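Structure record follows, encoded as structure tokens.
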Number of protein chains: 2
Amino acid sequence: MPLFKGGNKDAIEKIMHDYPSRYVHYKKGDTIAMQGYVCRSLYILCEGSVYAKMISEEGKELTLDTLSAPDVLASSFIFSSEGIFPVTILANSDCNLWIVNKESILRIIEADKLVLRNYLTVISDHSMFLSKRLNEFALQTLSSRIISYIEQNGTIQNLQEAAFILGVARPSLSRAILQLVNQGVLKKENKGYILV
Amino acid sequence: MPLFKGGNKDAIEKIMHDYPSRYVHYKKGDTIAMQGYVCRSLYILCEGSVYAKMISEEGKELTLDTLSAPDVLASSFIFSSEGIFPVTILANSDCNLWIVNKESILRIIEADKLVLRNYLTVISDHSMFLSKRLNEFALQTLSSRIISYIEQNGTIQNLQEAAFILGVARPSLSRAILQLVNQGVLKKENKGYILV
DNA sequence: CATAATCGGTAACAAATGTTACACAGGGAG
DNA sequence: CTCCCTGTGTAACATTTGTTACCGATTATG
């Protein structure tokens, strides 16, 4: 678990025992947290993978991110002034989460300087991730976003899923990919597309 | 200064004296930090106001945010794994900044639990801000974004500036505003537009 | 094997936004 | 006052993306 890397194991376990926390199992497709609801705990993903989805008032939706164990969810939601989930978190597979009260996390990072540094890195990387996504959506063309996507994932295998992540309609994505193939930027390989 | 609110003044001042930091003046229009460059320090805005601008590879740009003293800049950039400015920061007016080394900030938040909590709130609120902006760009129509803008600022006075913040071309903004006025959602008042 | 379900390709059209260009109004500087 | 600068309104057209619909391929399922 990167968050606790280098931390004092005994001290962390003691705090975990002294303060409320729970270990929860979710089945594939379950809703782990709902956009708009209060966030009081840190969600430590121990097994499985989840994805975060954002929905607008008009009902349009976007898959923000997919996270796999070991990772930490809601690190920046619990300490924000509002304390509200800006996304809905869904189980991508069966998974196990350790749900830890905000106060417990505070005790741990107050007590352990290494965990504090790790936590600051986790929360800051989350900000940087959002900055990059914002850059993509606000400033880049669909073609650029497709290329970024493939650079990150190596390939586009599932067009529908990618369309959700890229925030466009599937036929629009299909059309844009066709153009990139014609331009010689992408090529088809097996069931997916890769950079030439 | 919200960051140090409730903190132990003497302890903070001692650390500030013991560790490197500098107090810098910038003139209106000066570049305070450049997108893509390494970020090693926290920028505490003591006087004046600044704005953060994001530029894509194609040269398209977007004004992300305007911040006024007292506030903190780059709170989440210094602790990220990359440690790179995702935006360019420019002086919106003459301003004074206190530039504090990353290590100094770490000492302070390690030493003072209240400042630690404040810092977590600052950094988390920045994440939430980015989430909202992302929601706007990825999911909302221009009309919705215009209304959000007016709800936040009370009015649109400067169409050019607003076009940069909303990430659209000025004539597009002008046209969209005209439609909202015709729909009875907005009305002209003095030099600007407000919600009806 | 037959069938249904899912996914991808594509076409036609609609809607939104960008681009370019030009005219006009107001304010400041000479 | 006149000139220049900045910001605005707006029109015409180009480009991008959304929407809807239909077809074909593959795969799971009985």
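The values are calculated or read from the model by the stated rules, or taken from the named source; none is laboratory data. Just so it is clear, the structure is predicted and the values come from calculations on it, not from any experiment. Cβ placement follows ideal geometry from the backbone for every residue including glycine, while neighbour counts extend to all protein chains displayed.
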**Study point:** Positions within the range A:133-151 being over 27 Å from B:Asp125 (Cα atoms) and either without any contact (Cβ under 8 Å) to a residue 12 or more places away in the chain or of a type outside the set (Ser, Thr, Tyr) (or both), in sequence order
**Key:** A:Thr141, A:Leu142, A:Ser144, A:Ile146, A:Ile147, A:Ile150, A:Glu151
Point to revise | Breaking point among (1) assigned to a strand (DSSP E or B); (2) facing chain B (nearest Cβ under 7 Å), for A:Pro86 | key: (1)
Review point. Given (1) out of contact with any Lys or Arg (no Cβ under 8 Å at 6 or more places or on another chain); (2) modelled with pLDDT of 95 or more; (3) away from chain B (no Cβ under 13 Å), where does A:Ser76 come up short, assuming only one miss?
Key: (3)
Exercise for review: Go through A:Glu57, A:Glu110 for me and flag whichever is farther than 21 Å from B:Leu130 by Cβ, of a type in the set (Asp, Glu) and modelled with pLDDT under 95.
Suggested key: A:Glu110
Revision key, fill the gap. In the range A:58-73, anything in a loop (DSSP other than H, G, I, E, B) and either more than 14 Å from chain B (Cβ to nearest Cβ) or buried (at least 19 other Cβ atoms within 10 Å of the Cβ) (or both) is listed as A:Ala69, A:Pro70
Check your understanding: List pairs: first in the range A:154-177 and near DNA strand D (Cβ under 7 Å from one of its atoms), second not hydrophobic (A, V, I, L, M, F, W, C) and not in a helix (DSSP H, G or I), Cβ under 9 Å, 6+ apart or cross-chain?
Key -> A:Gly167/A:Lys60; A:Gly167/A:Glu61; A:Gly167/A:Thr63; A:Ala176/A:Thr141
Check your understanding: Here are B:Leu130, B:Leu114, B:Leu106: which of them is of a type in the set (A, V, I, L, M, F, W, C), without any contact (Cβ under 8 Å) to a residue 12 or more places away in the chain and either more than 25 Å from A:Gln140 (Cβ to Cβ) or within 14 Å of DNA strand C (Cβ to nearest atom) (or both)?
Key -> B:Leu106
Revision key, fill the gap. With the first residue restricted to the range A:180-195 and required to be on the phi > 0 side of the Ramachandran plot, and the second required to be among the hydrophobic types (A, V, I, L, M, F, W, C), Cβ contacts under 7 Å at 6 or more apart or on different chains are A:Gly184/A:Val196
Point to revise | Any hit, the range A:45-54, residues being within 12 Å of chain B (Cβ to nearest Cβ), touching a Cys at 6+ places or on another chain (Cβ under 6 Å) and of a type outside the set (A, V, I, L, M) | key: no
Exercise for review: Kindly state which helices (runs of 4 or more DSSP H) lie completely within the range B:89-196 and contain at least 2 residues that are crowded, with 16+ Cβ neighbours inside 10 Å, among the small types (Gly, Ala, Ser) and within 9 Å of chain A (Cβ to nearest Cβ).
Suggested key: B:113-139
Review point. Looking at (1) away from every other protein chain (no Cβ under 11 Å); (2) more than 16 Å from the chain's Cα centre (by Cα), can you tell me which one B:Ser81 breaks?
Key: (1)
Point to revise | Selected residue (only one of A:Ile12, A:Ile55, A:Ile44 is surrounded by 20 or more Cβ atoms within 10 Å (Cβ to Cβ) and among the β-branched types (Val, Ile, Thr)) | key: A:Ile44
Review point. Which of the residues spanning the range A:147-167 are among the acidic types (Asp, Glu) and within 13 Å of DNA strand C (Cβ to nearest atom)?
Key: A:Glu161
